[in-house]
Amino acid sequence: MNTNQEGYFGPFGGCFLPENLAAEMRRVAEAYRRLKADPAFLRELSYIRKHYQGRPTPVTFAKGLTSQTGGAQIYLKREDLNHTGAHKINHCIGEALLAVKMGKKKLLAETGAGQHGVALATAAAYFGLECEIHMGAVDVEKEKPNVTRMRLLGAKIVPVTFGQQSLKEAVDSAFETYSKEYETALYCIGSVVGPHPFPTLVRDFQSVIGAEARGQMLEMTGSLPNHVVACVGGGSNAMGIFSGFLEDSSVKLYGVEPLGRGGEPGNHAASLSYGTPGILHGFKSILLQDASGGPAPVYSVASGLDYPGVGPEHAYLKSIGRVTYDTVGDAEALDAFYTLCKTDGIIPALESAHAVAYGVKLAKKLPPEETVLVNLSGRGDKDIDFIVSKFGVR
């Protein structure tokens with residue numbers, strides 16, 4: 001195994017890969033370093049975000065949810081209103097543009113809930129690139145609307161049928177393919193995980209969320225939010241919105257992990273709450289591990305959160321106490337899903353519903369003059385068939 005000394009957040013991060021892939025990661029890092037300082041690249045990215053992606057996304061005062069909850073005022077950063085329905089398009093457009101500038105012909109990735117896959121297939125179609133998405137067979141069945149979207153957009157779907165057949169196995173499968181095709185393909189990691197430079201690269205492309213939200217809250221309320229809440233699986237949407245407020249000590253930040261069915265091993269995917277340091281998929285972070293040190297089985301009702309690790313920057317932010325990490329279980333997330341539908345006419349993704357649930361619990365404890373900003377990372381169109389068939393209409 002090979003490691004470099006770049007891309008660390010405290011003791012977490014790095015690049016732990018065979019030399020051929022480590023060398024390719026260095027090429028990707030150098031290309032990104034050069035391009036992010038190139039005004040022409042930044043202008044092109046800004047143009048696409050505005051005229052194709054639909055940015056800026058608004059901040060919405062959740063009037064109905066606030067009224068029903070009592071306590072602090074609840075605001076929602078509406079990443080669900082992005083083209084393709086989630087925050088994932090932010091880094092997918094950036095990664096695809098990077099691939100074009102590097103002369104790559106193909107985009108390769110994993111997906112859990114399918115939002116990253118849909119966003120990457122969209123970006124590939126926009127730039128005229130091939131696209132191959134690896135997806136656990138369990139998630140292929142669970143997230144049929146997104147599978148259909150990916151296929152309509154021209155992507156090749158590779159169902160992964162080994163192990164738990166979910167997100168971790170999808171990453172394994174995609175990395176195996178990438179090890180054979182890295183000269184012509186770019187692996188577009190779907191979160192702030194993986195080997196350097198991807199935790200930094202994805203965070204930077206997602207930081208548009210925090211930059212917008214900061215200005216929008218100042219415009220709407222005259223001050224920064226008192227509290228910012230986001231769900232955390234790998235952690236890209238959370239790093240995106242946290243990045244706008246990390247330097248503001250007056251703003252408290254909360255990352256919400258999936259507790260699933262409870263704290264017993266195999267019933268949740270709360271890495272920071274129950275994990276230990278280890279190496280997975282080319283990076284060092286806090287991981288859920290079994291007795292032999294391998295990735296432990298994980299579970300969440302939200303397919304986009306069932307990963308046995310977390311981005312290294314999140315592990316660092318927890319270690320220094322800048323972000324509070326807590327959990328929300330399936331039942332609470334489902335309650336928040338149904339509630340937001342009826343109070344404000346917004347159908348959230350199951351992943352985002354974890355953040356909504358925590359935001360509601362937090363708001364109840366706070367005075368009405370305080371504000372809670374929840375990152376609504378995606379919309380729930382992809383989840384409604386699954387939810388109605390399994391839990392009904394409340």
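For the reader, a short list of remarks on this structure follows.
- Share of carbon and sulfur in the accessible heavy-atom surface of the chain [1.4 Å probe, %]: 53
- Extension gain, Val388 to Lys101, is 99.0 nm, computed as 0.36 nm per intervening residue step minus the present C-alpha separation.
- Computed from point charges on the beta carbon alone (+1 for Lys and Arg, -1 for Asp and Glu), the dipole magnitude for segment 7-146 about its Cα centre is near 580 Debye.
- Distance in nm between pseudo-label sites at Ser292 and Arg33 (7 Å out along the Cβ direction from Cα): 3.9
- Antiparallel DSSP beta bridges within the chain, percent to nearest 5: 30
- 26 Å Cα-Cα threshold exceeded, pairs from Lys50/Lys142; Lys50/Lys156; Lys101/Lys156; Lys63/Lys361; Lys284/Lys382; Lys168/Lys390: Lys50/Lys142; Lys50/Lys156; Lys284/Lys382
- Euclidean distance between Cα centres, segment 59-104 to segment 145-176, Å: 23
- Separation between Cα centres of segment 238-267 and segment 313-336, rounded to whole Å: 3
- Accessible surface of Arg34, taken over heavy atoms with a 1.4 Å probe and every protein chain present, rounds to 130 Å².
- Of [x] 81, 58, 40; [y] 56, 48, 43; [z] 60, 56, 45, the label for Cα extents along the principal axes in Å derived from the coordinates: [y]
- Spatially proximal aspartates and glutamates relative to Lys364 (Cα-Cα < 19 Å; intrachain offsets below 8 disregarded): Asp326, Glu332, Asp335, Asp344
- In Å², nearest 10: area of Cys341 left accessible to a 1.4 Å probe: 40
The values are calculated or read from the model by the stated rules, or taken from the named source; none is laboratory data. All figures in this text were calculated on a predicted structure; none of them were measured in a lab. Methodologically, a virtual Cβ is constructed for each residue, glycine included, from the backbone with ideal geometry; neighbour enumeration extends over all protein chains shown. Just the protein is used for accessible areas: all its heavy atoms, side chains included, with ligands, DNA and RNA removed. Shrake-Rupley method; radii C 1.70, N 1.55, O 1.52, S 1.80 Å.
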